[in-house]
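K.L.:
Supplied in structure tokens, the structure appears directly below.
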Amino acid sequence: MTQTFQKDGKTIRYQTVIKNNKHTYFRIKDDYVLVTTNKKMIHLIDTYLFEHFDSLYQKIKRKPEVSADSIQLRGKSYHLSFHEGRFRYLISDSEVMAWGKDIMSTKKKIYMNEIKEMIVDVHPKVLKVIAKNQLKQLPIKYKYLKSKFGSYHKKHDEITLNTFLATLDPIYLEYVLYHEYAHKIIFNHSKAFYDILDTWMIEHKIIQKALKKMVIT
């Protein structure tokens, strides 16, 4: 059931889904906020909505429509020429010609291919920096996610990257890699965690702030 939250004469619609999550997630879905949480954390939803109202409200208002005739790759916009057929694509200076089952699934396959190519360029730089902390390369999995750009799985000792990062400038992929590798040393987001990031990527705060404003579509 969709509920509403008001502040300063403005209204946000939100829907709560109860799961056995350890954390609570707030995701922008069309014109409302989807809250995924556990029973013990329900009482904190209003507090979060109040404290982050302006940011959530702006994200809802500026949420872009998914365009059927355009695609973003590595921070650059291209015209998308889509055709039904066996998956393949070609990139020119201003256009991506793509074949596939449908537009959205084809875009996701392109993201998968492109982020793997981006990793070839970005990962060696990251590995060179983190080696100062005696860290070695971790296995990386790729998945199209709607709520986060990456995660470190302590149990499996591996990193998962959102293939949507292929749409952004490679500097964001670099930041996410540093962020997840830092979790191998400090699993939470304490001051010690960000102190590590300070030594690895001087501008990480600027990149993180910009990334938080990104809407995954």
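K.L.:
Within segment 195-217, track down each residue that is assigned to a helix (DSSP H, G or I) and surrounded by fewer than 16 Cβ atoms within 10 Å (Cβ to Cβ).
P.N.:
D195, D198, T199, K205, I206, K209, A210, K212 - these are the residues of segment 195-217 that are assigned to a helix (DSSP H, G or I) and surrounded by fewer than 16 Cβ atoms within 10 Å (Cβ to Cβ).
K.L.:
Determine if segment 126-144 includes at least one residue that is part of a strand (DSSP E or B) and either surrounded by 16 or more Cβ atoms within 10 Å (Cβ to Cβ) or at pLDDT below 95 (or both).
P.N.:
The answer is yes, given that some residue of segment 126-144 is part of a strand (DSSP E or B) and either surrounded by 16 or more Cβ atoms within 10 Å (Cβ to Cβ) or at pLDDT below 95 (or both).
K.L.:
Next up: For segment 1-93, which fully contained strands (runs of 3 or more DSSP E) count at least 2 residues that are closer than 22 Å to L165 by Cβ and either modelled with pLDDT under 90 or among the small types (G, A, S) (or both)?
P.N.:
Counting at least 2 such residues, we get 25-29, 32-37.
K.L.:
Next question. Could you check segment 128-144 and list, in sequence order, the residues that are basic (K, R), closer than 15 Å to I159 by Cβ and out of contact with any Ser or Thr (no Cβ under 9 Å at 6 or more places or on another chain)?
P.N.:
Correct list: K136 only.
K.L.:
While we're looking at this one, here's another question. Suppose we filter T106, T47 for residues that are of a type outside the set (G, A, S), touching a Phe, Trp or Tyr at 6+ places or on another chain (Cβ under 7 Å) and without any contact (Cβ under 8 Å) to a residue 60 or more places away in the chain; which single one remains?
P.N.:
Within the list T106, T47, the selection yields T106.
K.L.:
Now, a different point. Name the residues in segment 173-192 that are surrounded by fewer than 16 Cβ atoms within 10 Å (Cβ to Cβ) and in a helix (DSSP H, G or I), would you?
P.N.:
Hits for segment 173-192 are I185, K191, A192.
K.L.:
Identify the residue in segment 152-172 that is touching a residue at least 40 places away in the same chain (Cβ under 8 Å) and not in a helix (DSSP H, G or I) and, among all such residues, is most open to solvent (accessible area, probe 1.4 Å).
P.N.:
Restricting to residues being touching a residue at least 40 places away in the same chain (Cβ under 8 Å) and not in a helix (DSSP H, G or I), the top hit is D169.
K.L.:
State all residues of segment 1-23 that are crowded, with 17+ Cβ neighbours inside 10 Å and either aromatic (F, W, Y) or closer than 27 Å to N188 by Cα (or both); if no residue qualifies, say none.
P.N.:
Answer for segment 1-23, where residues must be crowded, with 17+ Cβ neighbours inside 10 Å and either aromatic (F, W, Y) or closer than 27 Å to N188 by Cα (or both): F5, Y14.
K.L.:
Then there is this: Which of (1) surrounded by fewer than 13 Cβ atoms within 10 Å (Cβ to Cβ); (2) touching a residue at least 12 places away in the same chain (Cβ under 8 Å); (3) not aromatic (F, W, Y) does L73 not meet, given it meets every other one?
P.N.:
Exception for L73: condition (1).
K.L.:
Still on this structure, please answer the following. F149 is checked against (1) within 27 Å of V33 (Cα to Cα); (2) in contact with an Asp or Glu (Cβ under 9 Å, 6 or more places away or on another chain) and fails just one. What number does that condition carry?
P.N.:
Against the list (1) within 27 Å of V33 (Cα to Cα); (2) in contact with an Asp or Glu (Cβ under 9 Å, 6 or more places away or on another chain), F149 comes up short only on (2).
The values are calculated or read from the model by the stated rules, or taken from the named source; none is laboratory data. Here the structure is a predicted model, which is why all the values come from computation and not from measurement. Don't worry about glycine lacking a Cβ; one is built from the backbone with ideal geometry, like all the others, and counts go over all protein chains shown. Surface areas here come from the heavy atoms of the whole protein model, side chains and all, with no ligands, DNA or RNA. Shrake-Rupley method; radii C 1.70, N 1.55, O 1.52, S 1.80 Å.
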